[in-house]
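Below is one structure, written out as structure tokens; comments come after it.
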Amino acid sequence: MIAFLDLRAAYLELKPAIDAAVARVTDSGWYILGPEVEAFEAEWADFCEARHAVGLANGLDALTLALRALDIGAGDEVIVPSNTYIATWLAVSGVGAVPVPVEPDPATHNIDPARIKAAITPNTRAILPVHLYGQPADMDAILDIARAHGLRVIEDAAQAHGARYKGRRIGAHGDIACWSFYPGKNLGALGDAGAVTTDDPDLAERIALLRNYGSRRKYVNEEAGVNSRLDPLQAAALRVKLAVLNDWTERRRTIAATYAEGLAGSDLTLPHVPDWAQPAWHLYVIRSPDRDALQARLTEAGVGTLIHYPIAPHMQAAYAHMGIAADALPIARQLAGEVLSLPIGPHLTAEDAQAVVRACRA
């Protein structure tokens, strides 16, 4: 069986270093924030070509606290992709704002800048693009619209570790970039973890305040904050994995190239990569109108696959109250019925990648 993603293999490759990093933290006696978190924040900011990073408990908190740091809340509207993981929408509604969905470019699956202007109203405060599957959204086009209308830009970069847009790493194109280090991500922790990166020192400082009960000094609370602190154990493990992230990303790119070459000319729709994008290949997503039958055949052939994502956010019960008809966002609905993610982890062998190609063609 070819697993969709082998997380244990990632640990085993780095086992001595990860075990030593965890022991370093347990031996230190410092278990909340502290030097290990600060070291990871500095290293992650440098990797992302950003001036500041703030470690958080998870990716959803990163999005939520980014919105709070920009004072976005009740009565405000935030433009979001119609095609994304629901966490993007949950962060917006979680601060009392309204997610306003905009359809994707059918070729890239990312939010279509040409459709954003029509969604802007007097209540719009921000645009929240997602670098879906690890492929950058068209940031220059989005930023031009944002500047013209006085809007903030918050990047959902939960799948884009190491991706580049026009040569520059994702991390500080907009006002804030929000990261998840969920174990299955390209840079994955040993549990939940997250962060934000930004070039704005004031935003970084405020998010650092909000993550720690709104407190800089013990028992002195400046705001009604939350508890969303990156765990030092997770920071230590992330530092080990960050040292090999470039190598692991190249492995993913090799697999993506194998798929692109091996599946060219088939009846499958393959990922489209604009000239200005260098994806991190968190996912390799193909499309087929017979997706469910294809997935069943691949399962029979011993190939693990997943669907990202089978239900568009506007069709989830969580957002039924918005009254958005299923057919109101036809591209998102169509993608949900056709997308299929093939295995592409850094520990997938070249032989297994070729076996996936053969199974798809069969």
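Details
- With the helix formula -39500 (n - 2.57) applied to DSSP H stretches of n ≥ 4, the chain reaches a computed 222 nm mean residue ellipticity of -11500 deg cm²/dmol.
- Gaussian network model of the chain, Cα within-10 Å springs - most flexible of 186, 246, 123: 123
- Cα-derived Rg to Rh of the stretch 176-307, Kirkwood definition: 1.11
- The separation of the stretch 317-362 from the stretch 236-254, counted between C-alpha centres, amounts to 24 Å.
- Amide H to amide H, with H built 1.01 Å from N, residue 176 comes under 5 Å of 153, 155, counting only residues 5 or more places away or on other chains.
- Of all aspartates and glutamates in the structure, those lying under 14 Å Cα to Cα from residue 166, and not within fewer than 8 positions of it along the same chain, are 49, 138, 140, 275.
- Remark on the chain: hydrodynamic radius 21.0 angstrom, per the Kirkwood mean of 1/r across alpha carbon pairs.
- Carbon and sulfur %, accessible surface of the chain computed with the full protein complex present, 1.4 Å: 52 percent
- Residue-wise HN-Hα couplings along the stretch 181-192, as the Karplus relation 6.51 cos²θ - 1.76 cosθ + 1.60 with θ = phi - 60° gives them from phi, are 10, 3, x, x, 6, 4, 10, x, 7, 8, x, 6 Hz; Gly and Pro carry x.
- Centre separation in Å (Cα based) which lies between the stretch 64-123 and the stretch 295-311: 29 Å
- In terms of overall dimensions, the C-alpha atoms belonging to the stretch 229-293 reach 47, 27, 20 Å along their principal axes, ordered largest to smallest.
- Average accessible surface area per residue within the chain, 1.4 Å rolling probe, Å²: 42 Å²
- Counting only residues at least eight positions apart within a chain, or on another chain, the aspartates and glutamates with an alpha carbon under 14 Å from that of residue 185 are 6, 156.
- Taking 285, 100, 244 as the candidate residues, the one with maximal mean-square fluctuation in a Gaussian network model of the chain, Cα springs under 10 Å, is 244.
- Packing-based ranking, highest mean first, of 157-167, 21-31 given that Cβ atoms within 10 Å are counted: 157-167, 21-31
- Heavy atoms of residue 254: accessible area, 1.4 Å probe, square angstrom to 10: 90 Å²
- Here is the list for the stretch 276-362: chymotrypsin sites (Phe, Trp or Tyr not before Pro) lying in DSSP coil, each with at most 15 other C-beta atoms within 10 angstrom of its C-beta, are 276.
The values are calculated or read from the model by the stated rules, or taken from the named source; none is laboratory data. The model shown is predicted, which means the values in this text are computed figures rather than measured ones. We place every Cβ from the backbone using ideal geometry, glycine too, and count neighbours over all the protein chains shown. Just so you know, the surface numbers come from the protein's heavy atoms only, side chains and all, with ligands and any DNA or RNA stripped out. Shrake-Rupley method; radii C 1.70, N 1.55, O 1.52, S 1.80 Å.
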